[in-house]
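Everything on this sheet refers to the single structure shown next.
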Ligand code: BTN
C-alpha cells in the first residue's frame, strides 16, 4: 500500500506537467499589465477576431481616464499553442490611438502571459510636429484570476 502511494506521489508532478504542456494560451478573459491597466477580451471568433474593453492606469493627457473599446485579431490559421495577435485601442477620452502586437505565452506551470509592444499615436496640429507624435513601449499582461467574463465586463464598464 505504502509503495502504491509513494509511486502515485512520484507520478503526480509528471501528470500535472503533461497537462500544462497540452494547454493552449487563450486570449479571452481579463488581464492586467505592470502599469496596473486592465483589459477584458471577449471570445475569439472563428476568423480570429475579438473585441474588448481597456481601462488604462496612466495617460499622456490631463483628461479623466475612461474605459475605451479595443478591437483585434489573433492569427488562428491553425490553433497555435502560443498565438500571435494585434489589437487597437481607440481612446474615448483623448484623440489618440494605441496599437498593440504580441504573443500569448504559456509557461511550464500553466501560467499565461501576453508579451506586447505598442505604438501610441497622439494627434498633433501640423506635420511639423509629426516627429513627436508617436510613443513606443512594451507591456506584459498576466491573467486576472477568479473573475468570469460577465463580471469583468461589468466592472470595466462601471469605471
Ligand atoms: C492617452 O493618454 O491619450 C490614452 C491612454 C494611453 C495609455 C497608454 S497605451 C500604452 C500604455 N499601456 C497602458 O496600459 N497604458 C499606456
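Any read-out appearing in this document is the output of simple, stated calculations on the displayed coordinates, not a laboratory observation. Remember, it's a predicted structure, so these values are computed and weren't measured experimentally. So basically every Cβ, Gly included, is an ideal-geometry build from the backbone, and we count neighbours across all protein chains shown.
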* What nm value, rounded to one decimal, do you get for the distance between residue 35 and residue 105 when each label is placed 7 Å out toward the C-beta? -> 2.0 nm
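Kindly put 64, 143 in sequence by how many other C-beta atoms sit within 10 Å of each C-beta, fewest to most.
Details: 64 7, 143 16.
Going from sparsest to densest Cβ surroundings: 64, 143.
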* Can you tell me how much longer the chain between residue 43 and residue 142 gets when fully stretched, taken as 0.36 nm per residue apart minus their C-alpha distance, in nm with one decimal? => 33.9 nm
* Structure fact -> Put in order of increasing Cβ neighbours within 10 Å, starting from the fewest, 118, 131 give 131, 118
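When 106, 117 are ordered from fewest to most other Cβ atoms inside 10 Å of their Cβ, what list results? Mind dumping the intermediate values first?
Numbers: 106 18, 117 12.
Lowest to highest Cβ neighbour count: 117, 106.
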* **Distance histogram in 5 Å bins (all Cα pairs of the range 20-159, percent per bin)** => 2, 10, 19, 23, 20, 13, 8, 4, 2, 1, 0
* Separation in nanometres of the label points that stand 7 Å from Cα toward Cβ, at residue 93 and residue 135 -> 1.4 nm
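If the chain between residue 59 and residue 71 were fully stretched, how many nm would it gain, using 0.36 nm times the residue separation less the Cα-Cα distance? Intermediate values should be presented prior to the final figure.
Numbers: separation 12, 0.36 × 12 = 4.32 nm, distance 1.96 nm.
Length gained, residue 59 through residue 71: 2.4 nm.
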